[in-house]
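Below you'll find the structure, written out as structure tokens, and then a few comments.
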Amino acid sequence: MQTCVGLLGIRLRWHRAAAYIRGMRRVLLLVGTIGVAGLLVLFLSGCGQEPVGRPNVVIIMADDLGYSDIGAYGGEIQTPNLDALAAGGLRFRQFYNSGRCCPTRASLLTGRYPHAAGMGGMVSAAGRTLQPGPYQGYLDEKVPTIAELLRASGYKTYMSGKWHVGERPQHWPRRRGFDRYFGLISGASSYYELIRDQPRVRTMALDDTPWTPPEEGFYMTDAFSEYAVEFLRDHDAAEASAPFFLYLAYTAPHWPLHAPPEDIAKYRDRYHIGWDSLRAERHQRMTRMGLINDRYVLPPRPAGLSAWEEADGQEDWALRMAVYAAMVDRMDQGIGSVMDQLRAMEAIDNTFVVFLSDNGGCAESVVSRRLHDPSSAVGERGSYVAYQEGWAMASNTPFRLYKQWVHEGGILTPFVAHWPQGIGAGGRIIDGPGHVMDLLPTIQELSGSAEPVADGISLVPALTKARTAPTGRTLYWEHIGNRAVRRGDWKLVADRRDGQWELYNLDTDPVELNDLVASHPDVAQEMAALWQAWADEVGVR
């Protein structure tokens, strides 16, 4: 396998003109040693298959999914398709997002920190006056997207799902490199209809045309899956000679909690054990599977959150988690349909499939939106509720805090990668931090496309042969006043509610329980200066 991976690395780099001579030197040295026939035998026997061309790429993103919500990361929710991808590929133990939906999507699409792409905050309303800058609320036109770069190198590019990085038609997906698009331009909406209440009017589109869901038989998650499959089927019929890039961005399991009755029924009796017991169950399961060890202790229940035994309305809370689980289950079913289509196209072996979430589990309440019809049961059309902090705590097991925060619970995502011809099988677990902005330079290296300006790094070495990602890098975060910097195992982080820096050693304390800022003031001061220099560079306000 190591020989196969090494030769694969050479082959991938042949696509880069700048690396061509270096690659040829390696090949010539190898040929001189074993001969052309020996080289061919070595390659085919080492890989067990024909030499690969540029891989197809499929990126699948969940919305508000916690670290432990899928089976491959210790969850009890039925996710057999994602679990199979993990078992046949690899998982990252530490893979970061940007803390919230808009910033993470901007980083994924551009390989840049959100502020450098114009999305330091949230998306701006279509009617708002354009104010260019780090918080403009749409992707900077001067920063190329992964779709633009891949299309320029011969890929066909498709997207199905949530965009959320530009409300105005001139900022929609087809203007940013996608050949086909179907989905929700805006943020969270009902899964059964578009919310029209001002000021939260939501927009869906098919290619460049606004699209309205049918009155009956529509469920958002299913529609995203179905259009993704349709794009792949059409590609196979008309564009089979070209590699493809598919970005499938679900809204599941983001509130409001909506799911088909048959999926809710699977989980209706599962969550009466409560959030405390569920978190303990997941923690034990994660330990048994080797995802975590005894350094990952369970933090105390957050102040202000009731123990399950003392919580009012347990029946309602248990139903909310059942609907949430059903939403994840339904998304996994859709992912299975996409994988089935790849198999039908005989493309799955040379398709690089990635799954991740845009942020950690969400503790928000949506009561203030006043969109819930109390005559509708949770999960049905007309209902509009969230699962809130107790279940978000369980979703983010074993980490602290949630979406919007840049403590580990807010910015760690499950990350699954699958590519039989490139990374093989075995269910490897990769240590060391990766980041969502690493996807663009990684895919650029795999595809042989032009080298972009990127803040992320290529993870090809970690994916193809290493058990660890680069560990000495420095990473930065800022969102609505929450801020952090990680350098090696040290992480300096601040909660906007009090603004005070906290210092953690993630090697010995990966769940951020023991603040070392008082005992290591020199480290804290140095890292605070690093963060400030970065903040000044990208325009944090």
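Answer yes or no: is there a residue in the range 167-175 that is touching a helix residue (DSSP H, G or I) at 6+ places or on another chain (Cβ under 9 Å) and not in a helix (DSSP H, G or I).
Within the range 167-175 (the criterion being touching a helix residue (DSSP H, G or I) at 6+ places or on another chain (Cβ under 9 Å) and not in a helix (DSSP H, G or I)), the answer is no, since none of the residues qualifies.
What pairs come out if I take residues in the range 117-146 that are over 18 Å from Glu537 (Cα atoms) and pair them with residues that are among the basic types (Lys, Arg) and buried (at least 20 other Cβ atoms within 10 Å of the Cβ) whose C-beta lies under 6 Å away, six or more apart or interchain?
Thr145/Arg176
Against the definition (among the charged types (D, E, K, R), touching a Phe, Trp or Tyr at 6+ places or on another chain (Cβ under 8 Å) and touching a residue at least 40 places away in the same chain (Cβ under 8 Å)), how does Asp263 come out, yes or no?
no
Hey, could you check the range 272-294 for residues that are touching a residue at least 12 places away in the same chain (Cβ under 8 Å) and assigned to a loop (DSSP other than H, G, I, E, B) and say which is surrounded by the most Cβ atoms within 10 Å (Cβ to Cβ)?
Selected residue: Ile292.
Is it true that some residue in the range 455-465 is modelled with pLDDT under 95 and charged (D, E, K, R)?
yes
Looking for something in the same structural domain as His372 (by TED's automatic domain parsing), aliphatic (A, V, I, L, M), closer than 19 Å to Lys162 by Cβ and at pLDDT 95 or above - is there at least one such residue anywhere in the range 205-213?
Within the range 205-213, one or more residues are in the same structural domain as His372 (by TED's automatic domain parsing), aliphatic (A, V, I, L, M), closer than 19 Å to Lys162 by Cβ and at pLDDT 95 or above.
If the Cβ limit is 6 Å and pairs must be 6+ apart or interchain, which residue in the range 51-65 that is polar (S, T, N, Q) and crowded, with 24+ Cβ neighbours inside 10 Å pairs with which residue that is in a strand (DSSP E or B) and at pLDDT 95 or above?
Asn56/Phe244; Asn56/Thr351
I'd like the residue in the range 92-101 that is touching a strand residue (DSSP E or B) at 6+ places or on another chain (Cβ under 9 Å) and surrounded by 23 or more Cβ atoms within 10 Å (Cβ to Cβ) and, out of all such residues, is farthest from Asp489 (Cα to Cα).
Once the filter is applied, the top-ranked residue is Arg100.
For residues that are part of a loop (DSSP other than H, G, I, E, B), within 28 Å of the chain's Cα centre (by Cα) and without any contact (Cβ under 8 Å) to a residue 60 or more places away in the chain, tally how many sit in the range 298-350.
Summing the residues that are part of a loop (DSSP other than H, G, I, E, B), within 28 Å of the chain's Cα centre (by Cα) and without any contact (Cβ under 8 Å) to a residue 60 or more places away in the chain in the range 298-350 gives 2.
Scan the range 467-501 for residues that are under 16 Å from Gln404 (Cα atoms) and of a type in the set (Lys, Arg) and jot them down.
Answer for the range 467-501, where residues must be under 16 Å from Gln404 (Cα atoms) and of a type in the set (Lys, Arg): Arg483, Arg496, Arg497.
Suppose we keep only residues that are touching a residue at least 40 places away in the same chain (Cβ under 8 Å), in a strand (DSSP E or B) and over 25 Å from Ala394 (Cα atoms) within the range 481-528. Which one would you say is nearest to the chain's Cα centre (by Cα)?
In this case the residue turns out to be Val485.
Looking at Pro169, Pro210, Pro214 in this structure, which one is surrounded by fewer than 22 Cβ atoms within 10 Å (Cβ to Cβ), under 23 Å from Gly127 (Cα atoms) and without any contact (Cβ under 8 Å) to a residue 24 or more places away in the chain?
Just a single option satisfies the conditions, and that option is Pro210.
If you check Ala188 against the conditions, is it in contact (Cβ under 8 Å) with a residue 40 or more places away in the chain, in contact with a helix residue (DSSP H, G or I) (Cβ under 7 Å, 6 or more places away or on another chain), assigned to a loop (DSSP other than H, G, I, E, B) and not basic (Lys, Arg)? So that I can check it myself, show each step before the final result.
Working: in contact (Cβ under 8 Å) with a residue 40 or more places away in the chain: yes; in contact with a helix residue (DSSP H, G or I) (Cβ under 7 Å, 6 or more places away or on another chain): no; assigned to a loop (DSSP other than H, G, I, E, B): yes; not basic (Lys, Arg): yes.
No, not satisfied.
Output the number of the condition that Trp534 fails; it satisfies all remaining conditions of (1) under 21 Å from the mean Cα position of the chain (by Cα); (2) at pLDDT 95 or above; (3) more than 24 Å from Leu298 (Cβ to Cβ); (4) buried (at least 19 other Cβ atoms within 10 Å of the Cβ).
Status for Trp534: all satisfied but (1).
Can you tell me which residue among Gly127, Gly154 is small (Gly, Ala, Ser), assigned to a loop (DSSP other than H, G, I, E, B) and either in contact with an Asp or Glu (Cβ under 9 Å, 6 or more places away or on another chain) or crowded, with 18+ Cβ neighbours inside 10 Å (or both)?
Going through Gly127, Gly154 in turn, the sole match is Gly127.
The values are calculated or read from the model by the stated rules, or taken from the named source; none is laboratory data. Treat the numbers as computed from the prediction; the structure is a model and nothing was measured. Cβ atoms come from the backbone with ideal geometry, glycine included; neighbour counts cover every protein chain shown.
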